[in-house]
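Undergrad: Sharing a structure, written as structure tokens. Questions coming.
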């Protein structure tokens, strides 16, 4: 179970860095050797570390950068690969996200992030209500 907690903590670090608008912390969370990709809501696939990290830097530096809170996070491990499914609460909307991690240099590093809008009628469960700071995860 501790490896699952480690993955959930890596996932939380992603949302914490986003909430703090800390582009350098976000950069450090992405894998350096493994292939990297990302699909932001409404975007086409971004391929490669430079393109993905650059997109997050641009989002974080924008005056319209959204506040995001992660809820309902669940980790699944496949050896040295893991993925987290979660809900993202963004400006009153709910998205469903998948974050894929690999073990690199002894740490869980992001290799893929994908988020898409989740209509309320499609949610399997409601996100946990919380007054906690952005970046919180629920397991």
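The values are calculated or read from the model by the stated rules, or taken from the named source; none is laboratory data. Being a predicted model, the structure only gives us computed values, none of them experimental. Counting neighbours? That spans all protein chains shown, and the Cβs are built from the backbone with ideal geometry, glycine included.
Undergrad: Would you check if residue 90 is under 12 Å from the mean Cα position of the chain (by Cα) and surrounded by 13 or more Cβ atoms within 10 Å (Cβ to Cβ)?
TA: No, not satisfied.
Undergrad: Could you give me the residue pairs with C-beta distances under 9 Å whose first residue belongs to the stretch 38-49 and is free of Cβ contacts under 8 Å to residues at least 24 places away in the same chain and at positive phi, whose second residue is surrounded by fewer than 13 Cβ atoms within 10 Å (Cβ to Cβ) and in a loop (DSSP other than H, G, I, E, B) wherever it lies, and which are 6+ apart or on separate chains?
TA: Hits for this filter: 48/35.
Undergrad: If a residue counts only when it is touching a strand residue (DSSP E or B) at 6+ places or on another chain (Cβ under 8 Å) and closer than 13 Å to residue 109 by Cα, which helices (runs of 4 or more DSSP H) contained entirely in the stretch 1-75 have at least 3 such residues?
TA: Details: elements: 2-19, 23-29, 49-61.
Hits in the stretch 1-75: 2-19.
Condition check ((1) more than 28 Å from residue 34 (Cβ to Cβ); (2) part of a loop (DSSP other than H, G, I, E, B); (3) modelled with pLDDT of 95 or more) across all residues:
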site	(1), (2), (3)
98	no, no, yes
113	no, no, yes
128	yes, yes, no
138	no, yes, no
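Undergrad: Further, regarding this structure: Among what's in the stretch 20-57 and is out of contact with any helix residue (DSSP H, G or I) (no Cβ under 9 Å at 6 or more places or on another chain), closer than 19 Å to residue 95 by Cβ and modelled with pLDDT of 95 or more, pick the residue that is surrounded by the most Cβ atoms within 10 Å (Cβ to Cβ).
TA: 52
Undergrad: Scan 107, 82, 75 and give me the residue that is at pLDDT 95 or above, over 17 Å from residue 41 (Cβ atoms) and exposed (fewer than 15 other Cβ atoms within 10 Å of the Cβ).
TA: 107
Undergrad: Being free of Cβ contacts under 8 Å to residues at least 40 places away in the same chain and in a strand (DSSP E or B) is the filter; apply it to the stretch 77-86 and report the residue that is farthest from the chain's Cα centre (by Cα).
TA: 78
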